[in-house]
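This report concerns only the one structure given below.
Each value in this text was obtained by applying a stated rule to the coordinates, not by laboratory testing. If you're wondering where the values come from, they're calculated on a predicted model, not measured in any experiment. For neighbour counting, all protein chains shown are included, and Cβ atoms are generated from backbone atoms with ideal geometry for every residue, glycine included.
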Ligand code: NAD
């Protein structure tokens, strides 16, 4: 069993912990938190050993009646790999801790690409992370874009990608985020930083992205235009995508008109936390005009990177190849709506 430590038990960390626990070849050695909040309570309820991310705060956990297994350094020392799921920029501060104990680490999309040996998306560049020490699982948006670009490049060739990302203002639990009554060009400069982030996965890709922020919490929505190297029928693209395990093609008959019904469907289907690990591509939106492909996709920002973290653990520990890992992860989680 691969012994996994999770440092930072918030939106991403708690989901990665559950996903790791569901795998046949991994175990959660412990999770580290900075504060004794509701997530610390549920970590204990679920039986995850809880470590103090900041040693001087151990007494705060004791005062809240929460047992601490030890300081985070002990957890890092004992683990085969650490998943750092702390807020943007904190992962970079934690890198020296992981180096001190010679424990390989995964970081999340909020960290700079320069921090790591390679950025990672399981479908696109699994091999680059094999035996690497420091790997960044790219952001929710970059993951969502990479999953459609990889098969398109292989099947038809991609000349240019143009994507408009309509981004949720904050996650449901982020009460301080906004806007609450506005539509923001964000960033207002064009192209946005998202395109260069996708180029950390495909270094020869021509991509321009534009970003917006809207008063929504459920999901991001991408409007995508890909100029292919050859003219194809929309039906060929639909067939290509139907074979991709992490692309869910929303069929017309489901009458899912937006992210609200998508989340409702995920909850009805019994998905934990209503998570949608796949890109949700509206099948009817897949259209072609000559070499130009268009589509809309919903990206569940809180969960699409979760299976990618699980695959990155196998890549870094050299315990499976891409196909085997993706299949194991999918089966363990129940991916494929
Ligand atoms: P979050 O704020 O929900 O969770 C972060 C957790 O880390 C919190 O529990 C916080 O208390 C804890 N923490 C803070 N400082 C710490 C420290 N020094 N040591 C250990 N834990 C510490 O954040 P999140 O949304 O889970 O984001 C984590 C990372 O994942 C960021 O890089 C973010 O950019 C990336 N990411 C977030 C999303 C998303 O939509 N939420 C999607 C993809 C990637």
Contact order relative to length of the chain, as percent, for alpha carbon pairs under 8 angstrom and 6 or more apart: 17
Antiparallel content of DSSP bridges confined to the chain, in %, to 5: 40
Average Cα contact separation per residue, segment 140-299, under 8 Å, 6 or more apart, as relative contact order %: 28
The chain: angle of helix 322-333 to the longest principal axis, Cα-based, in degrees nearest 10: 70
Bins of 5 Å, starting at 0 and running to the largest distance - Cα pair percent for segment 5-102: 2, 14, 27, 26, 19, 9, 2, 0
Alpha-carbon Debye profile of segment 147-211, log10 I(q)/I(0) at 0.11, 0.13, 0.17, 0.19 Å⁻¹: -0.35, -0.47, -0.70, -0.80
Gyration tensor verdict on segment 249-328 (Cα atoms; rounded if a/c is under 1.5, prolate if a/b is larger than b/c, oblate otherwise): oblate
For segment 204-337: rounded, prolate or oblate by the Cα gyration tensor [a/c cutoff 1.5]: oblate
Global geometry of segment 97-147, whether rounded, prolate or oblate, following the gyration tensor of its Cα atoms and the 1.5 cut on a/c: oblate
Relative packing of 255-266, 8-19, which averages over residues the other C-beta atoms within 10 Å, highest first: 8-19, 255-266
Where only alpha carbons of the chain are counted, the Rg and the Dmax (Å): 19.8, 66
Antiparallel %, DSSP beta bridges [both residues in segment 140-299], to 5: 65
Point-to-point label distance, residue 177-residue 323, nm (Cα→Cβ direction, 7 Å offset): 3.7
Taking N as its residue count, the alpha carbon Rg of segment 140-299 over 2.2 N^0.38 Å: 1.04
